[in-house]
Amino acid sequence: MATERQVSMAQFRADLDTINPTRGISEIVVHHTWSPDAAAYRGLETVRAVRRYHVEVRGWSDNGYHVMIGPSGAIFLCRPIEQPGAHTAGRNAHSVGVSFIANFDRDEPGSYAGLRAGQEVVAALLERFELDANAIRFHREFANKTCPGLKLGLAEFRRQVEAAGSRANPARPKVVLLPGGEVIECHAAVEDGVTRVDLRPVAEALGWAVHDRLKEQGKVYVVKGEG
Ligand SMILES: [Zn+2]
């Protein structure tokens, strides 16, 4: 049964809000496809090929994974999350399987744009099912495999997902201008002890202007007393 479709991050979040799985989801298991690797990726066609392999060769009812992520950050909904997947022996009943189209034994995560999209997907799943980063598991914890690849470390991956979650959730720290107590609507987060705040809304609330026309040259100008 063909169920895969590409969605934006916003659609992924909206879809998550509309489903109500009753199977007690308590883990997100992360995979890589290994083959096809990032270089072999051909968009939706690759996702369909994985589904056909799982159905026709492995004999499963659908793609084994719930979500697949492309090297450029495309998000593909595969098997419906309400149904148990077929991706990690012994863990399928209560988990969601997310797979990067990559071979992270060889492909460099640092030059794989989809890594961040996948981490945002995992962050959204954690938020939806009220789980913390300890619920992120790697397939290799449960199988004699390297999946999701030797170049990915679980502790770092969990930290990056937590950071993605705080970027995605502007409800957490608010910026309050003093005196006066004006609340600035912007992304604000403390990541690894560093406070990160969107510059433009804060600067503009202070009556400063931000010029980023030269950002290709590595410069953003913040001009006091303008605008
Ligand atoms: Zn795997």
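The values are calculated or read from the model by the stated rules, or taken from the named source; none is laboratory data. On a predicted model such as this, the values are computed, not experimentally measured, just so you know. So basically every Cβ, Gly included, is an ideal-geometry build from the backbone, and we count neighbours across all protein chains shown. For accessibility, only protein heavy atoms count, side chains too; no ligands or nucleic acids. Shrake-Rupley method; radii C 1.70, N 1.55, O 1.52, S 1.80 Å.
Quick grid of which residues meet (1) part of a loop (DSSP other than H, G, I, E, B); (2) within 16 Å of the ligand (Cβ to nearest atom); (3) not small (G, A, S):
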site: R51; (1), (2), (3): no, yes, yes
site: H54; (1), (2), (3): no, yes, yes
site: S61; (1), (2), (3): yes, no, no
site: Y65; (1), (2), (3): yes, yes, yes
site: G73; (1), (2), (3): yes, no, no
site: I81; (1), (2), (3): yes, no, yes
site: H87; (1), (2), (3): yes, yes, yes
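In the condition set (1) open to solvent by less than 70 Å² (accessible area, probe 1.4 Å); (2) within 16 Å of the ligand (Cβ to nearest atom); (3) without any contact (Cβ under 8 Å) to a residue 60 or more places away in the chain, G118 is compliant with all but (3).
Does segment 126-134 contain at least one residue that is open to solvent by less than 20 Å² (accessible area, probe 1.4 Å) and within 22 Å of P36 (Cα to Cα)? Within segment 126-134, none of the residues are open to solvent by less than 20 Å² (accessible area, probe 1.4 Å) and within 22 Å of P36 (Cα to Cα).
Residue-level analysis places A168 outside the set of residues that are farther than 27 Å from G90 by Cα and in contact with a strand residue (DSSP E or B) (Cβ under 6 Å, 6 or more places away or on another chain). Taking the conditions (1) away from the ligand (no atom under 14 Å from the Cβ); (2) closer than 21 Å to A124 by Cβ; (3) surrounded by fewer than 19 Cβ atoms within 10 Å (Cβ to Cβ) in turn, A39 satisfies each one other than (2). Quick check on segment 47-59. Is at least one of its residues open to solvent by less than 30 Å² (accessible area, probe 1.4 Å), of a type outside the set (A, V, I, L, M) and under 20 Å from A133 (Cα atoms)? No; the residues of segment 47-59 include none that is open to solvent by less than 30 Å² (accessible area, probe 1.4 Å), of a type outside the set (A, V, I, L, M) and under 20 Å from A133 (Cα atoms). If you take the residues in segment 111-161 that are aromatic (F, W, Y) and part of a loop (DSSP other than H, G, I, E, B), which one is nearest to Y41 (Cα to Cα)? Taking the candidates together, the pick is Y112.
Residue pairs whose Cβ atoms lie under 6 Å apart, sitting 6 or more positions apart in sequence or on different chains, and linking a residue in segment 138-152 that is closer than 17 Å to G90 by Cβ to a partner that is away from the ligand (no atom under 11 Å from the Cβ), are F138/L154. Any residue in segment 103-110 that is within 16 Å of the ligand (Cβ to nearest atom), within 16 Å of the chain's Cα centre (by Cα), of a type outside the set (D, E) and in a helix (DSSP H, G or I)? Checking segment 103-110: at least one residue is within 16 Å of the ligand (Cβ to nearest atom), within 16 Å of the chain's Cα centre (by Cα), of a type outside the set (D, E) and in a helix (DSSP H, G or I). Determine, yes or no, whether F138 is under 18 Å from F157 (Cα atoms), in contact with a Lys or Arg (Cβ under 7 Å, 6 or more places away or on another chain), aromatic (F, W, Y) and surrounded by 14 or more Cβ atoms within 10 Å (Cβ to Cβ). In short, no.
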